[in-house]
1. Looking only at region 245-261, which residues are open to solvent by 20 Å² or more (accessible area, probe 1.4 Å) and of a type in the set (S, T, Y)?
2. Of the residues L193, L185, L203, L198, which is under 14 Å from the mean Cα position of the chain (by Cα), at pLDDT 95 or above and part of a loop (DSSP other than H, G, I, E, B)?
3. Restricting attention to region 171-209, report how many residues are free of Cβ contacts under 8 Å to residues at least 60 places away in the same chain and not charged (D, E, K, R).
4. Kindly evaluate A166 against the criterion of being near the ligand (Cβ under 9 Å from one of its atoms) and either at pLDDT 95 or above or outside any strand (DSSP E or B) (or both).
5. Scanning for something away from the ligand (no atom under 13 Å from the Cβ), open to solvent by 20 Å² or more (accessible area, probe 1.4 Å) and assigned to a loop (DSSP other than H, G, I, E, B), does region 210-233 turn up at least one residue?
6. Name every residue in region 133-172 that is among the β-branched types (V, I, T) and within 11 Å of the chain's Cα centre (by Cα), in order of residue number.
7. Of all residues in region 169-182, how many are polar (S, T, N, Q) and not in a loop (DSSP other than H, G, I, E, B)?
Amino acid sequence: MKPLVKPPFGVPSKTPSVAVRPSFPARLPGDVALTTTKFSLTAARAAAVALPWEPRKSHLPGIFGGLGMDSRAIRSRMVSRLAAQGISDGPVLAAMGAVERHRFVDSALANQAYEDTSLPIGLGQTISKPSVVARMLELLQQGGLHDASGKLGRVLEIGTGCAYQAAVLSHLATEVYSMERLRGLYDKARENLRLLRLPNVHLLFGDGMNGFPKGAPYAAIIAAAGGEAIPDAWIDQLAVGGRLVAPLQTAPGTQSLVVIDKTRHGVRHTLLEAVHFVPLKSGIG
Ligand code: SAH
């Protein structure tokens, strides 16, 4: 089946009457964070008058029983932890600090969004933990083809999931093509990105085993699902000078990160640390 190409997300032509997702945690006028752990719906509605969104009941526990502090502060703590774990690429750390991970997970899990843990995103799939996202993006940054401004060129991502990593990548690359094989997650990813205004992210629905030849050659390719081999199509679609980073099954039940650099003289494979990703599967679902 041919991948369905969706145009880049544009800026909405007019402000939607109901902003879909609240900022997290909610902020009151005067920049006072809501720390109330016990709430009444009346009080919540009264507060909502001053807020640019209408809280849905399902949002309330996440917001009002939430972390009680600005999510920027929580992200900067996450970034400090990443730096302490050895991530040193400035643009990667900045991008991880910029993207609100809590917007990509179910509101019931939002209070775990900045812990270094993978979380379920539905259909048996998971969002990778921040340290693994940062590690893979740093590996891409250390290779791959960069333009004069220092950004990676066109990047292909296999396994959009909830589109968190695609959003982080959008800060590091000129264009991001991200492909997902599960329709339910593709739709969820579109919804998650809708209000973020990331015109350089292009979501694709299809089997990423074949890559996306229309966008090739790619400055870099990244996969968020691990198979028994790296598909030839990915190597073919990588530009000379480009880098691929992916999980690879090295023995039954064991995956490692692999880095593949494509040079004029051939392809160089480097096997790195053990990782644990969902399986790379053929076909669409
Ligand atoms: N980077 C994602 C992680 C998603 S988990 C995030 O930030 O959320 C990996 C995803 O790869 C799953 O959604 C799974 O459905 C998808 N996947 C597995 N095999 C695939 C294939 N052949 N083509 C496209 N997507 C695939």
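1. Filtering region 245-261 down to residues open to solvent by 20 Å² or more (accessible area, probe 1.4 Å) leaves 248-255.
Matches in region 245-261: T250, T254.
2. Details: L193 fails: part of a loop (DSSP other than H, G, I, E, B); L185 fails: part of a loop (DSSP other than H, G, I, E, B); L203 fails: part of a loop (DSSP other than H, G, I, E, B).
Only one candidate passes the filter, namely L198.
3. 7
4. Details: near the ligand (Cβ under 9 Å from one of its atoms): yes; either at pLDDT 95 or above or outside any strand (DSSP E or B) (or both): yes.
Yes.
5. The first filter runs over region 210-233 and keeps only residues away from the ligand (no atom under 13 Å from the Cβ), leaving 213-220, 232.
Right, trim to open to solvent by 20 Å² or more (accessible area, probe 1.4 Å) and you get 213-214, 216-217, 232.
Now narrow it down to the ones that are assigned to a loop (DSSP other than H, G, I, E, B): 216-217.
There is at least one residue in region 210-233 that is away from the ligand (no atom under 13 Å from the Cβ), open to solvent by 20 Å² or more (accessible area, probe 1.4 Å) and assigned to a loop (DSSP other than H, G, I, E, B).
6. Quick first cut of region 133-172, residues among the β-branched types (V, I, T) only: 133, 155, 158, 160, 168.
Result: V133, T160, V168.
7. Of all residues in region 169-182, those polar (S, T, N, Q) come to 170, 174, 178.
If we keep only those that are not in a loop (DSSP other than H, G, I, E, B) as well, we get 174, 178.
Residues meeting the conditions: 2.
Conditions tested, residue by residue: (1) within 13 Å of the ligand (Cβ to nearest atom); (2) open to solvent by 10 Å² or more (accessible area, probe 1.4 Å); (3) touching a Ser or Thr at 6+ places or on another chain (Cβ under 9 Å); (4) in a loop (DSSP other than H, G, I, E, B).
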site: S88; (1), (2), (3), (4): no, yes, no, yes
site: A94; (1), (2), (3), (4): no, yes, no, no
site: A108; (1), (2), (3), (4): no, yes, yes, no
site: P120; (1), (2), (3), (4): yes, yes, yes, no
site: M136; (1), (2), (3), (4): yes, no, yes, no
site: Q141; (1), (2), (3), (4): no, yes, no, no
site: G153; (1), (2), (3), (4): no, yes, yes, no
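The values are calculated or read from the model by the stated rules, or taken from the named source; none is laboratory data. Just so you know, these numbers come straight off a predicted model, no measurement behind them. So basically every Cβ, Gly included, is an ideal-geometry build from the backbone, and we count neighbours across all protein chains shown. For accessibility, only protein heavy atoms count, side chains too; no ligands or nucleic acids. Shrake-Rupley method; radii C 1.70, N 1.55, O 1.52, S 1.80 Å.
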